[in-house]
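Below is one structure; the comments refer to it alone.
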Amino acid sequence: MTVADALVLFGATGDLAKRKLFPALYQMERRGELALPVVGVARSEWSDEDFRTHAAEAVTTSVANADPEIVEGLCKRLDLIQGDYGDVATWESLRDTLADHGAKLPVFYMAIPPEMFPAVAEALKSVGLHKRGRIVVEKPFGRDHASAVALNKTLHSIFSEDRIFRIDHYLGKESVEDLLVFRFSNMLLEPVWNRHYVRRVQITMSEQIGVEGRGSFYDSVGAIRDVFQNHLMQIIAFLAMEPPVGPEANLLRDEAAKVFASMKPLDPKALVRGQYVGYRDEDGVDPESTVETFAAARLEIDSWRWAGVPWYVRVGKALAKTSTEAVIELHQPPRMLFDEAGGPPPGRNEIRLRLGDHDGVTFALQAKTPGPNLDSQEIDVDVDFAAALGERQEAYERLLGDAIVGSLRRFARQDVVERTWEIVQPALDEPGPIHPYFRASWGPTEADHVLIDCDAWLIPD
Ligand code: BG6
């Protein structure tokens with residue numbers, strides 16, 4: 001691996017750069033980990049100074065008590081190349097600017113709409129900038145299986161796979177990565193982490209916000225393309241995979257690929273799509289849109305470890321709570337020994353992994369009820385990781401840092417991306433009806449139809 005010596009941001013004046021990339025660059029600057037020029041490329045008619053002011057505002061809006069000296073240090077690294085992406089002068093100017101910085105190994109970050117990726121990759125090639133650089137692309141990688149294959153083909157005609165960094169920011173989340181450490185560093189868990197002990201798995205990725213401000217983008221994708229095919233699938237891979245042989249990128253991605261190879265493509269009968277009431281009135285949304293803002297599905301992983309265990313998965317916007325959670329429910333003990341008071345049988349053990357805000361884990365265990373009888377009742381053993389472990393890094397800080405040093409571990413590989421599209425493809429081909437639900441609910445009641453061995457979805461913590 002070789003450390004990059006320049007970072008080029010396409011779409012530098014856009015929303016992603018503002019919300020995620022500048023705050024991440026600030027944190028890297030603060031830790032002394034940013035030692036390269038950052039060259040923005042954008043169509044906006046801004047001067048370098050406008051660009052620096054914009055970046056400084058983006059940082060101070062997102063980062064509480066940002067240190068002005070560090071903000072200034074970051075701004076000094078910034079240049080803007082203003083121009084049309086279709087104009088050869090823009091690319092010549094980028095090439096010359098990188099040459100002025102003496103940059104030999106730039107990282108090209110595509111914070112631009114995916115339909116522009118091929119043209120930008122071609123333009124980089126036209127001025128010879130593709131030869132040594134790395135390219136970072138944001139999801140969605142394609143719109144379906146066929147377009148993902150086509151996009152990969154175009155990118156591969158210019159960049160080799162080891163220089164393509166496909167961002168799925170869930171792979172950059174400490175809480176998601178912790179699933180691996182949690183599973184494979186605790187001997188306690190591995191013996192029960194299989195079909196013999198696990199009755200079912202439920203995963204919820206719920207957001208309270210609707211599509212605020214992103215209506216036009218969202219209406220062209222929907223929940224399945226936006227988060228299900230990527231973020232959700234990566235969580236499943238970490239929960240379901242076999243122990244990787246080691247931490248290297250391809251060893252981890254090989255195990256994820258095996259999970260998806262054993263996962264059956266989505267059965268449209270085991271999928272319910274919903275749309276929140278009011279979505280069609282959002283700016284940029286088609287008033288007759290049938291795009292889903294909610295999806296609930298039952299998945300099966302037909303592997304030696306997981307055959308027969310239902311994986312219930314829910315994602316959605318405008319729901320009752322913002323939460324990302326995976327709950328592993330174990331089987332009931334074979335006999336109720338401790339029930340002298342004749343109460344309800346003890347609940348099952350659950351391992352609740354919180355992956356969003358307040359990430360951590362809760363074990364639902366049974367313990368003796370105080371009093372003369374031998375009865376059992378549920379107690380929760382709960383850990384909040386931030387309280388126990390201290391400051392966590394934001395996903396984008398880690399991903400930008402990885403792209404700069406050239407580590408592919410937290411990026412999605414081509415075969416995995418294409419296979420996950422294959423898995424959701426039946427839902428794209430045969431989407432079925434769309435069921436309305438109210439904001440701040442848990443989605444349409446029809447979502448219960450995908451459950452086969454229980455009556456209701458678990459409510460996240
Ligand atoms: C993005 C989706 O990839 O992930 C958004 O495009 C979604 O629609 C976001 O809100 C959720 O990310 P996080 O990190 O807030 O859970």
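The values are calculated or read from the model by the stated rules, or taken from the named source; none is laboratory data. In this text the structure is predicted, and so the values were computed from the model without any measurement. All Cβ positions, even for glycine, are placed from backbone atoms using ideal geometry, and neighbour counts span all protein chains on display.
Brief remarks follow.
- Flag for GLN393 being among the polar types (S, T, N, Q), closer than 24 Å to VAL63 by Cβ and surrounded by 14 or more Cβ atoms within 10 Å (Cβ to Cβ): yes
- Some residue of the range 189-208 being part of a loop (DSSP other than H, G, I, E, B) and within 11 Å of the ligand (Cβ to nearest atom): yes
- Within the range 168-183, residues that are under 15 Å from LYS139 (Cα atoms) have Cβ atoms under 7 Å from residues that are within 15 Å of the ligand (Cβ to nearest atom) and among the small types (Gly, Ala, Ser) in these pairs: ASP168/ALA412; HIS169/ALA395; LEU171/ALA412; GLY172/ALA395, counting only partners at least 6 apart in sequence or on another chain.
- Given (1) within 12 Å of the ligand (Cβ to nearest atom); (2) of a type outside the set (Asp, Glu); (3) at pLDDT 95 or above, number of the condition GLY213 does not satisfy: (3)
- Residues satisfying the stated conditions in the range 216-248, i.e. among the hydrophobic types (A, V, I, L, M, F, W, C) and within 16 Å of the ligand (Cβ to nearest atom): PHE217, VAL221, ALA223, ILE224, VAL227, PHE228, LEU232, MET233, ILE235, ILE236, PHE238
- Inspection of the range 357-368 identifies at least one residue that is surrounded by 14 or more Cβ atoms within 10 Å (Cβ to Cβ) and more than 15 Å from VAL327 (Cα to Cα).
- Of all the listed residues (SER157, SER185), the sole one being out of contact with any Asp or Glu (no Cβ under 8 Å at 6 or more places or on another chain), over 30 Å from SER323 (Cα atoms) and of a type in the set (Ser, Thr, Tyr) is SER157.
- Qualifying residues in the range 410-458 (those that are without any contact (Cβ under 8 Å) to a residue 24 or more places away in the chain and within 21 Å of VAL309 (Cβ to Cβ)) - the one surrounded by the fewest Cβ atoms within 10 Å (Cβ to Cβ): ASP455
- The C-beta contact set for the range 315-326 (first residue under 21 Å from LEU299 (Cα atoms), second residue among the small types (Gly, Ala, Ser) and more than 12 Å from the ligand (Cβ to nearest atom), distance under 6 angstrom, 6+ apart or interchain) comprises VAL315/ALA295; GLY316/GLY443.
- For the range 304-317, the tally of residues that are within 11 Å of the ligand (Cβ to nearest atom) and among the aliphatic types (A, V, I, L, M) stands at 1.
- Within the range 127-155, considering residues that are among the polar types (S, T, N, Q) and closer than 24 Å to PHE228 by Cβ, the one farthest from the ligand (Cβ to nearest atom): ASN152
- Matching strands (runs of 3 or more DSSP E) fully within the range 77-155 where at least 2 residues are charged (D, E, K, R) and in contact with a strand residue (DSSP E or B) (Cβ under 8 Å, 6 or more places away or on another chain): 134-138
- Within the range 166-188, the set of residues being within 16 Å of the ligand (Cβ to nearest atom) and outside any helix (DSSP H, G or I) comprises ARG166, ILE167, ASP168, LYS173.
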